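Quick notes on the structure that follows.
The values are calculated or read from the model by the stated rules, or taken from the named source; none is laboratory data. The shown structure was predicted, so the numbers you read here are calculated from the model rather than taken from an experiment. Don't worry about glycine lacking a Cβ; one is built from the backbone with ideal geometry, like all the others, and counts go over all protein chains shown.
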Amino acid sequence: MAGLALSAILFSMGFILHELAHKYVAQGFGLWAEFRLNMTGLLLTAISIISPIKFIAPGAVMIAGFADKQRMGKTAVAGPVTNLIITAALLIALPLAGTGWAYEAMVAGASINAFLAVFNLIPFAIFDGQKVYAWNKRFWAMAFLAALALTLYTTLALGSL
């Protein structure tokens, strides 16, 4: 039970920090940015708690103002990079957890954050990846491959999810 609670906290932290990264990078470029709940996304998120299929998107940061491809790309990549940093930090701290529920929760947290990064880097439609890809294809490829590698490592090698 403690491991499940810690996993939920690590996931929530990953989602919140991902969105805050978008907000603060956008504001650093002088853009207006705020988080807005999406009722459909919030409902799907609530349903996914008891469902085997997870859909976590209760809202997103809305951005307004003049932004060229570079500013939008950098703002978009800030979220997935934050998830990769969280993943790396959890993997580095993993030996301190020993074995048991703390270890399992940290692996789950690393896996979830790596997956959030790879999922958000899909270069399609409203995903962050589309904006990053439009800005800098090489940077998108590096970020996507890093996220994919960490997702595969945490799910296959460490056995999460």
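Name the residues in segment 128-161 that are small (G, A, S), within 18 Å of M72 (Cα to Cα), touching a residue at least 40 places away in the same chain (Cβ under 8 Å) and surrounded by fewer than 21 Cβ atoms within 10 Å (Cβ to Cβ), would you? Working first, answer last.
Narrowing segment 128-161 to residues small (G, A, S): 129, 134, 141, 143, 146-147, 149, 157, 159-160.
Imposing the further condition that a residue be within 18 Å of M72 (Cα to Cα) reduces the set to 129, 134, 141, 143.
Filter once more, so that each one left must be touching a residue at least 40 places away in the same chain (Cβ under 8 Å): 129, 134, 143.
Across segment 128-161, the qualifying residue is only A134.
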Could you tell me which numbered condition P123 fails, if it satisfies all but one of (1) under 13 Å from V81 (Cα atoms); (2) assigned to a loop (DSSP other than H, G, I, E, B)?
-> (1)
What do you reckon, is A125 loosely packed, with under 15 Cβ neighbours inside 10 Å, without any contact (Cβ under 8 Å) to a residue 24 or more places away in the chain and out of contact with any Pro (no Cβ under 9 Å at 6 or more places or on another chain)?
-> yes
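Of all residues in segment 98-122, which are crowded, with 18+ Cβ neighbours inside 10 Å and within 12 Å of the chain's Cα centre (by Cα)? Steps first, answer last, please.
Looking only at segment 98-122, we keep the residues that are crowded, with 18+ Cβ neighbours inside 10 Å, and these are 104-118, 120-121.
Result: G109, A110, S111, I112, N113, A114, F115, L116, A117, V118, N120, L121.
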Hey, T75 polar (S, T, N, Q) and within 22 Å of I16 (Cα to Cα) or not = yes
Mind checking whether some residue in segment 52-72 is in a loop (DSSP other than H, G, I, E, B), over 26 Å from T155 (Cα atoms), at pLDDT below 90 and within 19 Å of the chain's Cα centre (by Cα)?
-> no
